[in-house]
Amino acid sequence: MRTIFRSILPTIIMIPSIFLGIFTMYHHNISSNLWLQNFGVLLLVSISSYFIISRKIFLKLNSSIIILVGILLLLITFIDNGFSNVYRWLSIGVINLNIGSIVLPLLLVELEKNLNFKNWWIITLLAFGIIAILSFQPDASKVTAFTLASLFILQKYVAKKVQYVILAIPLMASVWTWYFLDDLPSVDYVEEILQMTKEMGITWFIFSVFSLILLPIPFFIFKTEKNKSICVSLGVYFSVVLLSTLFGNFPVPLLGYGISPIIGYSIAITWLMRNTDFEYVTE
């Protein structure tokens, strides 16, 4: 029974924000071609998550290959045409994938898994490289979220003599991206989806806000001593992504239109549920 609950918990956590977003778009007569994509991807990731967590699918992938592929996908965004000198997407037919939203949670997991006192400088350079790529896309939200999340896992291993200097570099990159924010116009059903829920009534707005607050919580409450570092790191990452929507034109994940944040969040929450035994969750 516990395994079944763990297997469906990712879907339970994602449903409120995704369904509220779908209803909001439907209420405001947004094309069904858009919100049906969110619904379709929710079904796909829910089925995948169930089988992965319940161990009916066994995944054994090389961490180095995952990190390499993730970084290459981030770099490929610069090949795409982009929008107003912003390069965050990879176009596949009519679908635009925000690569950062998909791969960054997975990269955090894999970087932490390979981190130790001997190779901390290699992982640090990889993290800095990812932050540099995000800075040139540019994506202030992702830079800040990934920076703070990666610093959380690095600070334990970085040599004390150079800790403050090294940790200051990505923070400076984060400040730089906020100072030179892109001028992309907001899309109501992507970046302004909360305003659309507010127009439907204060109750819908409150439910929507709480559905978003729910998203990072599992990473803080289902951590164990063994995976505490990466769990808190992922919790910080998603918290910052959500908070950044208050200060710029950034997509509201899961609630607004966009399949990439759904995929990225599903990867992270599936990893959490697969690597957490409720019997050993810390208080």
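The values are calculated or read from the model by the stated rules, or taken from the named source; none is laboratory data. Small disclaimer: the values here were computed from a predicted structure and weren't measured. Because the Cβ atoms are built from the backbone with ideal geometry, glycine has one as well, and the counts that use them run over all protein chains shown. We work out accessible area using only protein heavy atoms, side chains counted, and drop any ligands, DNA or RNA first. Shrake-Rupley method; radii C 1.70, N 1.55, O 1.52, S 1.80 Å.
List of remarks:
- Kirkwood hydrodynamic radius over Cα pairs of segment 11-66, then Stokes diffusion coefficient at 37 °C and 0.692 mPa s, in µm²/s: 249 µm²/s
- In the context of the full set of protein chains, the chain has a per residue accessible area of 50 Å² (1.4 Å probe).
- Kyte-Doolittle at least 0.5, axis length at least 30 Å by Cα - qualifying DSSP helices, the chain: 2-27, 32-53
- For the chain, the convex hull drawn through the C-alpha positions has a volume of 137 cubic angstrom per residue.
- Qualifying chymotrypsin sites (Phe, Trp or Tyr not before Pro) in segment 109-159, DSSP loop, other Cβ atoms within 10 Å at most 13: Phe117
- Cα gyration tensor, segment 114-153 - rounded (a/c under 1.5), prolate or oblate: oblate
- DSSP-loop chymotrypsin sites (Phe, Trp or Tyr not before Pro) across segment 244-277, with at most 16 other Cβ within 10 angstrom: Phe247
- What the Cα convex hull of segment 19-117 gives, in volume per residue, is 162 Å³.
- GNM result for the chain, Cα springs below 10 Å: residue of Leu36, Leu194, Leu90 fluctuating most strongly: Leu36
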